[in-house]
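These notes concern the structure reproduced below.
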Amino acid sequence: MLKPISTDLSHLLSWFFSLCCQWSYVPSLWRHAQVYPIFKKGDPSLPSNYRPISLTSVFRKLLELSLAPWLSSVSPPLDLAQGGFRPRRSALDQALCLHELMQSYYRRSHRFPVVAFLDIKSAYDTVDRRVIWDALSRSGASSPFLSLLVHLFDDVSVSVLVSNHSSTAFSPVTGVLQGSVLSPHLYSVYINTLPSLLRQVATPATHLVPSSGRSDAGMVPVNSLLFADDVAVIGSAKSVKEMLKLCEDHSLSLGYRWNPLKCAVLNHPTSSSSSSGSTHLSLYGTPLPLVDKFVYLGMPFVKTGLSAASVLPLRSPGVLVVFGH
């Protein structure tokens with residue numbers, strides 16, 4: 001609807017967006033979201049079995065698109081383990097990285113690693129936004145820009161649409177706005193300290209990569225991968241157990257929760273001692289389910305890495321290269 005007048009409208013929006021940035025203020029309608037719950041599966045009477053889909057102002061999205069490069073430039077450097085919503089880093093790339101990490105671990109230790117796939121409960125909805133604002137402030141974000149972000153995310157209202165009826169609007173205390181263009185990056189800033197924390201218990205078999213992507217940079221171990229809120233930790237049964245404890249501590253310090261029943265553990269098939277140890281892998285005292293196969297970012301994994309038998313029928317070009325087809 002806006003495309004036919006986009007040329008004329010762009011001049012007006014440019015002027016108006018400049019005012020928004022100058023005063024760190026946007027119209028109230030841009031700070032309101034209508035949430036429509038989409039049923040997933042299970043008991044339809046349980047709110048947890050619905051996925052919230054947020055509808056926000058198109059003009060807010062346009063403003064956020066113009067702010068996105070600015071936000072990236074003043075954010076702390078994202079950890080190399082984080083692949084979510086980053087340029088030239090797709091879900092397939094991240095899945096292939098996990099496959100290579102598992103193969104590298106095998107080449108170094110002659111056994112396949114334990115891999116724990118972790119799920120964060122209501123990830124976007126439980127974010128303590130103060131953690132993000134503090135991180136951006138420390139990394140050099142200007143006061144006017146930070147004030148605008150705080151206004152865009154702290155001063156929001158939400159109403160729920162059910163059966164063509166809208167609830168009374170309320171203001172969420174935690175979380176980053178679902179449907180926002182900036183929310184994925186802000187969430188990455190929020191969770192950014194987790195990979196470096198997990199490196200404290202990296203084993204000698206952990207794969208090493210340049211810390212900055214340059215060949216002359218220092219080498220750092222990669223024993224975890226993140227794709228937004230999808231987390232995988234890789235190592236021996238002992239080191240994974242230690243990482244799970246660190247994950248608990250990290251969640252308690254930042255105010256979010258893992259969902260143990262939606263997590264899963266892939267264990268290597270060659271060592272009975274590690275197999276017995278993996279039964280004690282837990283979060284908050286709840287044992288994690290042990291599985292022989294897990295779909296990570298849409299790609300099927302078994303104990304040795306990507307499942308060739310399951311992947312090849314998909315005919316994905318990147319995966320075909322990995323398997324030499």
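Where a number appears in this text, it was derived from the coordinates with a stated rule and is not lab data. On a predicted model such as this, the values are computed, not experimentally measured, just so you know. Positions of Cβ are backbone-derived with ideal geometry, glycine not excepted, and every protein chain shown enters the neighbour counts.
The figures follow:
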{"read-out": "Förster-model FRET efficiency, 25 Å R0, residue 34 and residue 155, C-beta, rounded to 0.05", "value": "0.90"}
{"read-out": "Gyration tensor verdict on the stretch 184-263 (Cα atoms; rounded if a/c is under 1.5, prolate if a/b is larger than b/c, oblate otherwise)", "value": "oblate"}
{"read-out": "Estimated inter-spin distance, residue 145 and residue 262, nm [label 7 Å along Cα→Cβ]", "value": "3.3"}
{"read-out": "For the stretch 102-234, size of Cβ-based charge dipole, Lys and Arg +1, Asp and Glu -1, in debye", "value": "600"}
{"read-out": "Cα-projected label distance for residue 196 with residue 9, points at 7 Å along beta-carbon direction, nm", "value": "4.2"}
{"read-out": "FRET E, pair residue 219, residue 111, Förster distance 30 Å, beta-carbon r, rounded to 0.05", "value": "0.85"}
{"read-out": "Two-site FRET efficiency, residue 169 against residue 130, from Cβ-Cβ distance with R₀ of 25 Å, rounded to 0.05", "value": "0.65"}
{"read-out": "Angle between the chain longest axis and helix 129-138 axis [Cα atoms, degrees, rounded to 10]", "value": "90"}
{"read-out": "Set of lysines near residue 303 by C-alpha distance (under 30 Å), chain-local residues within fewer than 8 positions excluded", "value": "40, 41, 121, 238, 241, 245, 262, 293"}
{"read-out": "Within a Gaussian network of the chain (alpha carbon springs, distance under 10 Å), most fluctuating of 58, 176, 131", "value": "58"}
{"read-out": "Rounded to 10°, Cα long-axis angle of helix 58-74 versus longest principal axis of the chain", "value": "60"}
{"read-out": "Rounded to 10°, Cα long-axis angle of helix 91-109 versus longest principal axis of the chain", "value": "30"}
{"read-out": "Shape of the stretch 107-168, Cα gyration tensor, a/c cut at 1.5", "value": "oblate"}
{"read-out": "Selection from 153, 57, 124 lying farthest towards where the dipole of the stretch 14-160 points positive, charges on Cβ", "value": "124"}
